[in-house]
Amino acid sequence: YLKRETNVWFEITTLLIPGNNDSDAELSAMSQWIMRELGPDVPLHFSAFHPDWKMLDVPETPAATLTRARDIALKAGLHYVYTGNVHDVEGGTTFCPGCGKGVIERDWYEILTYALDDTGHCEHCGAAIAGRFGHFGRPFGSRRIPVSLHAR
């Protein structure tokens with residue numbers, strides 16, 4: 001519905017829980033479904049599970065599992081696949097599907113490199129990067145940004 005009936009930008013996040021949803025077969029099937037039904041430009045984030053509350057008996061997701069999941073999704077043809085809840089510059093970087101160079105390099109919440117113009121095109125080759133982009137100022141990093149919520 002989001003892809004075909006609306007103009008909203010959406011991304012998919014999957015929490016990988018060891019022994020529950022991290023098999024090669026499940027990751028491959030999900031990646032192939034996303035590619036077939038949504039296309040290569042929908043960002044997919046694989047996030048690490050950390051034991052908490054009622055799941056203290058499940059170990060945290062190893063960084064290698066996130067990297068393996070990312071590799072499977074990239075091989076399925078998805079352009080924008082990321083790892084999350086871990087320090088992983090490679091897994092946090094947006095690569096240009098045109099020239100393959102890193103255009104947004106991240107480590108956790110820090111933006112290390114930003115090589116897009118104000119219209120979301122790669123500064124190296126001019127290819128359009130899927131997303132919603134505007135002028136990039138200084139990165140906000142890991143500091144908290146206050147948010148005001150107002151009742152209507």
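The values are calculated or read from the model by the stated rules, or taken from the named source; none is laboratory data. Computed from a predicted structure; not experimentally measured. In this analysis, Cβ positions are derived from the backbone assuming ideal geometry, glycine residues included, and neighbour counts consider all displayed protein chains. Each accessible area value is taken on the protein alone, full model and side chains, heavy atoms only, with ligands, DNA and RNA left out. Shrake-Rupley method; radii C 1.70, N 1.55, O 1.52, S 1.80 Å.
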Among all the lysines, which ones have a C-alpha under 22 Å from Lys101's C-alpha, if same-chain residues fewer than 8 places away are not counted?
Lys75
Which Cys residues of the chain have no other Cys beta carbon under 4.7 Å away?
none
Could you give the distance between the Cα centres of segment 59-129 and segment 2-21, to the whole Å?
16 Å
Once you sort the root eigenvalues of the Cα gyration tensor of segment 1-66 as a ≥ b ≥ c, which label holds: rounded (a/c under 1.5), prolate (a/b larger than b/c) or oblate (the other case)?
prolate
Please calculate how many Å² of accessible area segment 45-135 carries per residue, with a 1.4 Å probe and no DNA, RNA or ligand atoms counted.
54 Å²
Go through Phe95, Phe49 and list them by solvent-accessible area, largest first, probe radius 1.4 Å.
Phe95, Phe49
With +1 on the Cβ of every Lys and Arg and -1 on the Cβ of every Asp and Glu, the dipole magnitude of the chain about its Cα centre, in debye rounded to the nearest 20, is 440 debye
Give the label of the value calculated from the structure for semi-axes √(5λ) of the Cα gyration tensor in Å, choosing from (1) 41, 24, 17; (2) 26, 21, 17; (3) 31, 18, 12.
(2)
Using a 1.4 Å probe over the heavy atoms of the protein chains, calculate the carbon and sulfur portion of the accessible area of the chain as a whole percent.
54 percent
For Cys125, Cys96, what's the largest-to-smallest order of accessible area, 1.4 Å probe?
Cys125, Cys96
Low-density loop positions, GluC sites (Glu not before Pro), segment 52-118 - DSSP coil, at most 13 other Cβ in 10 Å
none
If we sort 63-73, 126-136, 30-40 on the protection proxy, mean other Cβ atoms within 10 Å, highest first, what's the order?
63-73, 30-40, 126-136
At 7 Å along the Cα-to-beta-carbon direction for both Cys99 and His135, put a label point, then send me their distance in nm to one decimal.
2.4 nm
